[in-house]
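Below is one structure; the comments refer to it alone.
The values are calculated or read from the model by the stated rules, or taken from the named source; none is laboratory data. Note that the coordinates shown come from a computational prediction; the quantities given were computed from them, not determined experimentally. Please note: Cβ atoms are built from the backbone with ideal geometry, for glycine as well, and neighbour counts cover all protein chains shown. The area values use the complete protein model at the heavy-atom level, side chains included, leaving out ligands, DNA and RNA. Shrake-Rupley method; radii C 1.70, N 1.55, O 1.52, S 1.80 Å.
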Amino acid sequence: FLRQAKASAAGGPAPLEALPRLLDAYAGLLARLADAGADWVQMDEPVLVLDLSAAEREAFRTAYARLASGPCRLLVASYFGGLEDNWPLALELPVAGLHVDLVAAPGQLDAERLAALAADGDRRVLSLGLVSGRNVWRTDL
């Protein structure tokens, strides 16, 4: 979310500076979802398919260290591309699940990445996107 945000004014604070306040809001929402009976929550992170700066990668680490300590199991979903250079980042996030888009990037689950996922054992589930999110109606199920 903050990757696409613009500073409120010229010379204003950088969007990533809003992360602590945003994490407070997300943590509160996750607590409310858990109170309502939610066990799993999917966090859509399409920005994971883009080139990220070191500061943005660190923001992911900070965000998920905080949010994954909450009451819900989190599944991070990326789509519309492959994780590419962000595979190591995705694998180090302390989340219960990872979703990858195999329609837009069918070759991203190579033997090395599958081995890294298998090394997690039962710590994380893997979700595979096999239906195009850009045109679900064309999928012949």
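Among 122-130, 39-47, sorting by the average number of other beta carbon atoms lying within 10 angstrom of each residue, highest first, gives 39-47, 122-130.
Please calculate how many Å² of accessible area segment 23-75 carries per residue, with a 1.4 Å probe and no DNA, RNA or ligand atoms counted.
On the way: 2930 Å² over 53 residues.
Counting only protein heavy atoms, the per-residue value for segment 23-75 is 55 Å².
Across 23, 50, the residue with the most accessible area heads the list, and the full order at a 1.4 Å probe is 50, 23. Which helices, taking whole DSSP H runs in the chain, have alpha carbons extending 27 angstrom or more along the helix axis plus mean Kyte-Doolittle at least 0.0? TM-like helix candidates: nothing returned. Only Cα sites of segment 59-109 enter the Debye sum here, all with the same form factor; the resulting log10 I(q)/I(0) across q = 0.17, 0.20, 0.21, 0.23 1/Å is -0.52, -0.69, -0.74, -0.85, listed in q order.
Using the Cβ of residue 32 as centre and a radius below 15 Å, the other residues enclosed give a net charge of -3, where K and R count +1 and D and E count -1.
Per-atom-type breakdown for the chain gives carbon and sulfur 56% of the accessible area (1.4 Å probe, protein chains only).
When restricted to Cα atoms, the chain yields an Rg and a Dmax of 16.2, 51 Å, respectively. Seen from residue 117, the other residues with C-beta closer than 14 Å to its C-beta sum to a net charge of -2, counting Lys and Arg as +1 and Asp and Glu as -1.
Can you give me the C-alpha center-to-center distance between segment 10-65 and segment 81-141, rounded to a whole angstrom? If we compute the Cα centre of each part, the gap is 19 Å. Projecting the Cα atoms of 28, 99, 65 onto the charge dipole of the chain, computed from C-beta unit charges around the Cα centre, puts 28 farthest toward the positive end.
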